Amino acid sequence: MARFRFVARRYEILLTVLAAVLSISVEVFSRCSSIDPSRLPAAATVITVPKPVSSVLKKTDGKLIPKTPAQSIAAVKYIALTFDDGPHPELTDKLLEVLRGEKVKATFFLVGQMIELYPNITRAMVQDGHQVANHTYSHPNLNMIDTEQLNDELSYTKYLLSSYGGVRTNIIRPPGGNYNSNVLKFCEVYGYKIVLWTIFPRDHESPKPGVIVKRVVKNAHDGGIILMHSGMKNTITALPEIIRKLKSEGYRFVTVDELIEKNQKNNVAKNAGKSGKLSYTAHLSQKTCLSTPWLLPAE
């Protein structure tokens, strides 16, 4: 009998404890549910912002599938500013001031006769970190001259660039983008690389600055080469806005040499010949735009 009372007493204590725990739980739940969320401190507020669909998904064959981390990161876009026909007195100096102020490097295709007249401007280009390259000595149509004249035009300008600019370069741009099989063969033999363009606002026709800006920005693309002229007032006026708008769209300005190097490293030359060597094909459209940024003589 005594043992029965002892066991009953133990169960009575256990039930009392369980009742107390249940009572406390109900009280805590009641208080938590009555808390005004607006009175919580800022640190207690956690907001989850969903990522845009475009940042985590890509469209393939009409279906949205998850992107890999690398695909979600926007790639840097590169573009090259190039200026033909200089150096010019006063105007080229103003052009250099704009580039200096915007902290942008460009490539200048210089005419030999102009280098002889304004060697100090040529030196200033190099000192500012710009690339200088060959635009022939007298600006002829290369389709209309023989091999001997072609050699004179290119080799003497190359000598002037070395003498006044301290630069040895095999990069050339044919005046007007004119070249033929004779020019290509000559360049292949003597190691010249022909650089053309992909974006041409026709600034040599003196359109209004706003028109030049619109034409450049509208046609800008990664790996693009912009052709303008260093002796045009409206070009100089348009240039700051061109630079700022392209920068705002994620473009980074590089020289032609840098652009070629980046593309070679990234293996974007998908038109490589069967021999494995780079073989670019240019396509002229009314002599204003080319399908490839530069042309390496094909074998």
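Per-structure values
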quantity	calculated
Subset tally (residues that are charged (D, E, K, R), surrounded by fewer than 18 Cβ atoms within 10 Å (Cβ to Cβ) and assigned to a helix (DSSP H, G or I)) for region 153-201	2
Residue within region 137-152 that is closer than 21 Å to P89 by Cα and buried (at least 21 other Cβ atoms within 10 Å of the Cβ) present	yes
Verdict on T255 being touching a helix residue (DSSP H, G or I) at 6+ places or on another chain (Cβ under 6 Å) and either over 21 Å from E97 (Cβ atoms) or not basic (K, R) (or both)	no
The listed residue being part of a helix (DSSP H, G or I), at pLDDT below 95 and within 24 Å of the chain's Cα centre (by Cα), out of S54, S23	S54
Any hit, region 98-116, residues being outside any helix (DSSP H, G or I), hydroxyl-bearing (S, T, Y) and either out of contact with any Asp or Glu (no Cβ under 7 Å at 6 or more places or on another chain) or more than 17 Å from R168 (Cα to Cα) (or both)	yes
Filtered residues of region 122-136 (kept if surrounded by fewer than 22 Cβ atoms within 10 Å (Cβ to Cβ) and either more than 30 Å from E97 (Cα to Cα) or small (G, A, S) (or both))	A124, G129
Pair list, Cβ < 8 Å and 6+ apart or interchain, from region 95-121 residues that are surrounded by fewer than 19 Cβ atoms within 10 Å (Cβ to Cβ) to residues that are part of a helix (DSSP H, G or I) and of a type in the set (F, W, Y)	P119/Y164
Members of region 76-94 that are part of a loop (DSSP other than H, G, I, E, B) and crowded, with 22+ Cβ neighbours inside 10 Å	P87
Residue match in region 213-233 (condition: of a type in the set (S, T, N, Q), at pLDDT 95 or above and touching a helix residue (DSSP H, G or I) at 6+ places or on another chain (Cβ under 9 Å))	no
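Conditions tested, residue by residue: (1) closer than 20 Å to P87 by Cα; (2) among the basic types (K, R); (3) out of contact with any Leu (no Cβ under 7 Å at 6 or more places or on another chain).
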site: L142; (1), (2), (3): no, no, no
site: T147; (1), (2), (3): no, no, yes
site: T157; (1), (2), (3): yes, no, yes
site: Y164; (1), (2), (3): yes, no, yes
site: P174; (1), (2), (3): yes, no, no
site: N178; (1), (2), (3): no, no, no
site: N182; (1), (2), (3): no, no, yes
site: V216; (1), (2), (3): no, no, yes
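The values are calculated or read from the model by the stated rules, or taken from the named source; none is laboratory data. Note that the structure is predicted; figures quoted are calculated from it, not measured. Quick reminder, even Gly has a Cβ in these numbers, built from the backbone with ideal geometry, and neighbours come from all protein chains shown.
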